[in-house]
Amino acid sequence: MSAISKPSDTLAFEPVLTRYIGKKDSHTLDFYLSHGGYDAAKRVVRDYKPDEVIDAVKKSGLRGRGGAGFPCGLKWSFVPKKTDKPKYLVCNADESEPGTFKDRVINEEDPHQLLEGILITCWAVGIETAYIYIRGEMWRGAQRLKAAIDEAYAKGYLGKKIFGKKFNLDVTVHRGAGAYICGEETGMLSSLEGGRGYPKLKPPFPAVEGLFRCPTVVNNVETLANLPHIFNRGIEWYRSIGTEESPGPKLFCVSGHVNKPGVYERPLGIPLRELIYDVCGGIPGDRGIRAVIPGGSSAPFLGPDELDTPMSYEGLKDAGSMLGSAGVIVLDDTTDLLSALLNVGKFYHHESCGQCTPCREGCGWVEKILQRMHDGRGRSEDIDLVDEICNQMVGKTICVLSDALAMPAQSVLKKFRPELEKLIAQGRPDVLCELAREPSPAL
Amino acid sequence: MSRELSPEAQKEFDWLVTRYPQREAAMLPTLRLIEREFGCIDPEGMKLCAQLIGCSPAKVFGVVTFYTHYKRETDGENVVYVCGTLPCALRGSDALADYLCDRVGIGLGETTEDRKITIKKVECLALCDQAPVCQVEDVDWLRVSKEKADEMLESLGIPKRETAGAAAGGEEKRS
Ligand SMILES: Cc1cc2nc3c(=O)[nH]c(=O)nc-3n(C[C@H](O)[C@H](O)[C@H](O)COP(=O)(O)O)c2cc1C
Ligand code: SF4
């Protein structure tokens, strides 16, 4: 891997995506317009050819904020230019990855920022129909988005002949109904088509054959929200934030054992330590850190000796983990790791869609064995057994939900093995096995 | 007697199907509509959905049972969802679920005899900085302590305990 470049100054950073969050009426069109809202989309639609937009987004280095970090402009360029089929945009607002709560902020507090990003995308790719797939539990986000869409139609920013150009666009909010797997892009498309949220084999990739078997762009809410700023302030400005390989601002969601959990916008590449101690006020009771999950529960755990890891795509990859959705879950040194991992195992077992044997059975077995270790019935060979099952779960399934349990599980087995061995040997007579004995909003 | 949508709901449905190039894609929103109209999705509701969409009731059944967030006829009038995923668990959601079940007198996933309340575990509600979190119908309950849990239950018609705190001993100390 290339050397990790230094992130831009994190102290001098001024929020971009969350600049107006918390201001009164930030979700309304009037507010958005009073701060230069839709200027970028107007300029793009009037002055840019679609290819020029794609090119600019490629040059900006914007990478997908939904989990995989795929270059946004490159993904758009895979959509065939000459096709008789309609093309679609599906905005991924499913936000179900444990520890992730950033898209919610945009949907609820600044929905026009997202709509403007959608306009720019659809102009660039030649799309006339877009859906925002929002998870069913987010009723307020759905309301706010619907209201914003109504406002935009009334103003002529959606509908026919937008900004006086030959450009039509319809946007519809589509509510999910409680299934993590619908966040996976092909599962989402199956769900949108009106079925069970079963992921589909790739290739074909959605860019070529997606929704209704037509070319489809799938992008995360935060990815799209970056676009107006790139066109308002320029590529050079955008690339001055973050690192060479991970440009731009990022919403970090910090939860668990920190004094000030929340969504914080910082440049990509901010060291994990700075995020936890300077931004989030450190650990309650000045306790130490046992482990940190840096990118949602699908990301391998980091140990306390890895706090200097830069929170960039490349930095976390080099550390053997991933930035994922930037859902940072902090576990202090009183946390029972086995309970934490068991919780994660239960989640993936529950959310596996069941199509692939290694995932459906593997997640279940991993949960079962962790449960018996947790209950004091662990066997000395259990650690290796879980590890072996995980090996069989990686790279063998339709989607990567299976990997999303195997990878964090294996990281815990590897990094905290002596601790787990001790727990198995003890048969866990201690009461540490619970993560918290009281409902504890304040720690 | 087969069911029908109210005129307003029918209008909404007619609009819905114009938003998708294929009728079946209106399935999830149509189920929401039926859920709202009839309070839950039961076999009759599924049949109605099948009629509206133009597919078999079996297809609708397959879809409904894939998802966890539709209200079903087996659920109580109010479903209390308690988030149990890691960030909430780190802040005591297991203990919170136990407390709620104990106060209501049912187990997790069960419904009271008068069919007023169901308590269910739910996966990450994307409010992790507000942990532990519950959702009751369209209300998010944030940073739910035992006191707040009592308040939440009171809103569902379960009076507060007179000696809350004293009975369990000292837990009100965590501020
Ligand atoms: C199991 C699973 C769950 C996912 N959940 C989400 C999600 O909730 N939100 C999201 O934006 N992406 C999610 N993704 C990633 C999407 O598949 C997809 O990569 C992303 O939406 C692409 O948008 P981006 O390039 O803008 O990041 C998930 C992936 C997997 C494998
Ligand atoms: S890996 Fe798991 S979630 Fe993904 S398609 Fe296969 S069974 Fe379903």
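The values are calculated or read from the model by the stated rules, or taken from the named source; none is laboratory data. The structure presented is a predicted model; accordingly, all values stated were derived computationally and were not measured. Every residue, glycine among them, receives a Cβ derived from its backbone with ideal geometry; neighbour counts consider all protein chains shown. Keep in mind that these areas ignore ligands, DNA and RNA; they rest on the heavy atoms of the full protein, side chains included. Shrake-Rupley method; radii C 1.70, N 1.55, O 1.52, S 1.80 Å.
How much length would be gained if the chain were fully extended between A:ASP384 and A:ARG360, taking 0.36 nm per residue of separation minus their Cα-Cα distance, in nm to one decimal? Provide the component values of the computation, followed by the final result.
On the way: separation 24, 0.36 × 24 = 8.64 nm, distance 1.99 nm.
Stretched out fully, the A:ASP384 to A:ARG360 stretch lengthens by 6.6 nm.
Using a 4.7 Å Cβ cut-off, which Cys residues in chain B lack a partner cysteine?
Result for chain B is B:CYS40, B:CYS49, B:CYS55, B:CYS101, B:CYS124, B:CYS128, B:CYS134, no neighbouring Cys Cβ within the cutoff.
Of A:PRO300, A:ASN259, A:CYS72, which is farthest towards the positive pole of the protein assembly as shown's charge dipole, taken about the Cα centre with +1 and -1 on the beta-carbons of Lys, Arg and Asp, Glu respectively?
So the residue furthest toward the plus end is A:CYS72.
Using heavy-atom solvent-accessible surface (probe 1.4 Å) with all chains present, what is the largest-first order of B:ASP75, A:ASP318? Don't skip to the end; give the middle numbers.
Working: B:ASP75 20, A:ASP318 70 Å².
Descending accessible area places them as A:ASP318, B:ASP75.
List the residues, sorted by chain then number, that are 5 or more residues from A:VAL217 or on another chain and whose placed amide H is less than 5 Å from its amide H.
A:TYR88, A:LEU89, A:VAL90
Assigning unit charges at the beta carbon (Lys, Arg +1; Asp, Glu -1) and nothing else, what dipole magnitude in debye, to the nearest 20, does segment B:7-66 show about its Cα centre? Walk me through the numbers before you get to the answer.
Numbers: 7 positive and 8 negative charges, 41 e Å.
Roughly 200 debye, rounded to the nearest 20.
Which far-off residues, 5 or more places away or on another chain, put their amide H under 5 Å from the one on A:GLU265, with H placed in the peptide plane?
For A:GLU265, whose amide H was placed from the backbone, the distant partners under 5 Å are A:PHE252.
Based on the Cβ-Cβ distance from A:LYS82 to A:GLU14, what FRET efficiency comes out when R0 is 60 Å, to the nearest 0.05?
Working: r = 42 Å, r/R0 = 0.71.
So, using R0 = 60 Å, E works out to roughly 0.90.
Just the accessible area per residue of chain A, please: how many Å² with a 1.4 Å probe? Write out the running numbers ahead of the final one.
Details: 16590 Å² over 443 residues.
Per residue, chain A has 37 Å² of solvent-accessible surface.
Interface size between chain A and chain B, please: total buried accessible area, 1.4 Å probe, rounded to the nearest 100 Å².
Details: alone 18880 and 10500 Å², together 24690 Å².
Adding both sides of the contact gives about 4700 Å².
Strictly over 18 Å apart at the Cα level, which of A:LYS346/A:LYS368; A:LYS87/A:LYS166; A:LYS49/A:LYS161; A:LYS102/A:LYS250; A:LYS59/A:LYS202; A:LYS85/A:LYS155 would you flag in this model?
A:LYS59/A:LYS202; A:LYS85/A:LYS155
Counting only DSSP beta bridges with both residues in the protein assembly as shown, tell me the antiparallel percent, nearest 5. Write down the numbers at each step before the final one.
Numbers: 22 of 50 bridges.
Percentage antiparallel, nearest 5: 45.
Can you pull out the trypsin sites (Lys or Arg not before Pro) in segment B:91-168 whose DSSP state is coil and whose Cβ has at most 13 other Cβ atoms within 10 Å? Each step should come with its number before you reach the end.
Working: sites: B:ARG91, B:ARG103, B:ARG115, B:LYS116, B:LYS120, B:LYS121, B:ARG143, B:LYS146, B:LYS148, B:LYS160, B:ARG161; in loops: B:ARG91, B:ARG115, B:LYS116, B:ARG143, B:LYS160, B:ARG161.
Those satisfying the criteria are B:ARG115, B:LYS160.
Efficiency by 1/(1 + (r/R0)^6): what FRET value for B:ASP14 and B:ARG36, r their Cβ-Cβ distance, R0 = 22 Å, to the nearest 0.05? Please report the intermediate quantities before stating the final value.
Numbers: r = 16 Å, r/R0 = 0.72.
With a Förster radius of 22 Å, E is 0.90.
List the relative contact order of segment A:337-435 as a percent without decimals, with contacts defined as Cα pairs under 8 Å and 6+ residues apart. Kindly include the intermediate steps, with their values, before the conclusion.
On the way: 115 pairs, mean separation 34.4, N = 99.
That works out to 35 percent.
Measure off, as a whole percent, the carbon and sulfur share of the 1.4 Å-probe accessible area of the protein assembly as shown, all protein chains present. Write out the running numbers ahead of the final one.
Working: 12550 of 24690 Å².
Answer for the protein assembly as shown is 51 percent, counting heavy atoms of protein chains only.
Would you mind working out the magnitude of the charge dipole of segment A:365-414 relative to its Cα centre, with +1 at each Lys and Arg C-beta and -1 at each Asp and Glu C-beta, to the nearest 20 Debye?
For this selection, approximately 80 debye.
Which whole-angstrom value gives the distance between the alpha carbon centres of segment A:211-264 and segment A:335-373?
The two parts, judged by their Cα centres, are 30 Å apart.
List the residues, sorted by chain then number, that are 5 or more residues from B:TRP141 or on another chain and whose placed amide H is less than 5 Å from its amide H.
Placed amide hydrogens put B:CYS134, B:GLN135, B:VAL136 under 5 Å from B:TRP141.
Just name one of B:CYS101, B:THR65, B:ASN78: the one whose Cα is farthest towards the positive end of the charge dipole of segment B:57-123 (beta-carbon charges, Lys/Arg +1, Asp/Glu -1).
B:THR65
Given axes a ≥ b ≥ c from the Cα gyration tensor, I'd like to know whether segment A:29-239 is rounded (a/c under 1.5), prolate (a/b larger than b/c) or oblate.
Values: a/c = 1.40, a/b = 1.17, b/c = 1.20.
Rounded shape, in that the Cα axes give a/c under 1.5.
Average partner chain C-beta neighbours within 10 Å, per residue of B:126-138? Each step should come with its number before you reach the end.
Working: counts 18, 5, 14, 13, 5, 7, 4, 1, 1, 3, 0, 1, 4.
Mean inter-chain Cβ contacts per residue within 10 Å come to 6.
I'd like to know which of A:THR83, A:TRP123, A:ILE235 lies farthest towards the positive end of the charge dipole of the protein assembly as shown, counting +1 on Cβ of Lys and Arg and -1 on Cβ of Asp and Glu.
Projecting each Cα onto the dipole axis, the largest value belongs to A:THR83.
Please give the peptides B:39-50, A:27-38 ranked by average Cβ packing (other Cβ atoms within 10 Å per residue), highest first, as a rough proxy for protection. Before the final figure, lay out each step's value.
On the way: B:39-50: 19.2, A:27-38: 17.0.
Sorting B:39-50, A:27-38 by mean packing, highest first, produces B:39-50, A:27-38.
Which whole-Hz ³J(HN,Hα) couplings does segment B:121-128 yield from phi under the Karplus relation 6.51 cos²θ - 1.76 cosθ + 1.60, θ = phi - 60°, glycine and proline marked x?
Per residue, the Karplus-derived 3J(HN,Hα) values read 7, 10, 8, 2, 8, 6, 9, 4 Hz.
Taking the Cα centre of segment A:203-361 as origin and charging only Cβ (+1 Lys, Arg; -1 Asp, Glu), how large is the dipole, in debye to the nearest 20? Could the numbers behind the result be given before it?
Values: 12 positive and 19 negative charges, 97 e Å.
In total the dipole reaches around 460 debye.
From Cα pairs below 8 angstrom and at least 6 apart in sequence, can you work out the relative contact order of chain A, rounded to a whole percent? Each step should come with its number before you reach the end.
On the way: 868 pairs, mean separation 71.3, N = 443.
That works out to 16 percent.
Taking the simple approach of a point 7 Å from Cα along Cα-to-Cβ for both B:ARG143 and B:GLU73, what is their distance in nm?
Output for this residue pair reads 4.3 nm.
For segment A:161-178, just list the computed ³J(HN,Hα) in residue order, Karplus coefficients 6.51, -1.76 and 1.60, θ = phi - 60°, integers in Hz, with x standing in for Gly and Pro.
6, 5, 6, x, 9, 6, 8, 10, 8, 10, 10, 10, 7, 10, 8, x, 8, x
In whole Hz and in residue order, list the ³J(HN,Hα) couplings for segment A:69-74 that follow from phi through the Karplus curve 6.51 cos²θ - 1.76 cosθ + 1.60, θ = phi - 60°; x for Gly and Pro.
x, 6, x, 5, x, 5
In segment A:92-115, what residues drop by 40 Å² or more in accessible surface going from the chain by itself to the full protein assembly, probe 1.4 Å?
A:PHE101, A:ARG104
For segment B:32-129, what does the accessible surface come to per residue with a 1.4 Å probe? Please give it in Å². Please list the in-between numbers first.
Working: 3630 Å² over 98 residues.
Solvent-accessible surface per residue comes out at 37 Å².
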